[in-house]
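The block underneath contains the structure these notes are about, expressed in structure tokens.
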Amino acid sequence: MPGIPTTTLRAFALALALAAASSSHAVAAARLVEARLIAESRAAAPGSETWIALHLSLPDGWHVYWKNPGDSGTPPRLDWRLPAGVEAGEIAWPAPSRFAMGPLANFGYEGEVVLPVPVRVSPAAGPGESLALRGTAHWLVCKEECIPESQEVALDLPIAAGVAEDAADADRVRAALAAVPAELPGWTAAIAAQDAATLTLRAELAPGAEAQRRQWFFYPATGGIIEPAEDQPAVIDENAVTLRLTKSAMLEDPVTDLRGVLVGRSRDAGTWRLRLLRRRRPSAARRGQPSSWRSPGVFCST
């Protein structure tokens, strides 16, 4: 849409989503997405932490959102109703994909989506009891239109001493956890340069990462910093990747805090290498110098 500012397009996309929320009750009643809670283990021990996951089954061509949805959208959430002494943590977000929607782009998931959540069991829970895990799952599912949906979800988790057997969906939960970033020694990153419109991100990989065999994309953890729909031209060396990122049109100040995931997808296999960038506060000697920082990395393959 030449001549229409990106910010206007984002507002228009949000308006379409809100319109769908108010005018698609008949469609939403049929529910496009089916949700359920699944577990890694058949039971949990008193005082332990176990993994429960929200499992979403999407029809072909539709997607839901990552924690940063991109140009528009909202990520799935769980409103828990838990027994006394049971605590649920935050969703552990697997690697996202990018979905183009006209001149905009979204970050999220398609197909079978598994979002793991750590659940802490009270030490006072007794073997033989069963924990009634209940909640309401909410999500926005999009294709050419967006439809907000919700569903009541439930799982009864037995309490048992010792090591529990795998649940029927253990492989699903573990595959999702394997796609969540994990620390990788030897990977570093830096904002090498930036101007009013772009910034250059350089990641140095550990030996053997085979950077040239992969296609790279950086997913910012929060919106308003990098334009989701813009290309990210790459210069790839043996053990380093340099990306030129387009700054958000809404950004006014230099970028001093960049967090996100760098995804390198193998050109000949479905392997993902992920990297989380965390800003380190510059030392007093470096304050006032151009923004450039290094960070520890994270790695994951599925």
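Here are the numbers for this structure:
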quantity: Packing-based exposure ordering (other Cβ within 10 Å, fewest first) of Trp216, Trp187; calculated: Trp216, Trp187
quantity: Additional length obtainable on full extension of the chain from Leu251 to Ala124, 0.36 nm per residue less Cα span; calculated: 40.7 nm
quantity: Efficiency of FRET from Cβ geometry, Arg42 and Arg77, R₀ 30 Å, rounded to 0.05; calculated: 0.65
quantity: Stretchable slack from Thr198 to Val235, in nm (0.36 nm times residue separation minus alpha-carbon distance); calculated: 11.8 nm
quantity: Computed P(r) (all Cα pairs; the range 6-169; 5 Å bins; percent); calculated: 2, 8, 17, 19, 16, 12, 9, 7, 5, 3, 1, 0
quantity: Three-way shape label, the range 34-117, alpha-carbon gyration tensor, a/c 1.5; calculated: prolate
quantity: Residues Ile159, Ile191 arranged by fewest to most Cβ contacts within 10 Å; calculated: Ile159, Ile191
quantity: Full-extension gain in nm, Ala92 to Ala221, via 0.36 nm per residue minus C-alpha separation; calculated: 45.1 nm
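Where a number appears in this text, it was derived from the coordinates with a stated rule and is not lab data. Everything quoted here is computed from the prediction, not taken from an experiment. Because the Cβ atoms are built from the backbone with ideal geometry, glycine has one as well, and the counts that use them run over all protein chains shown.
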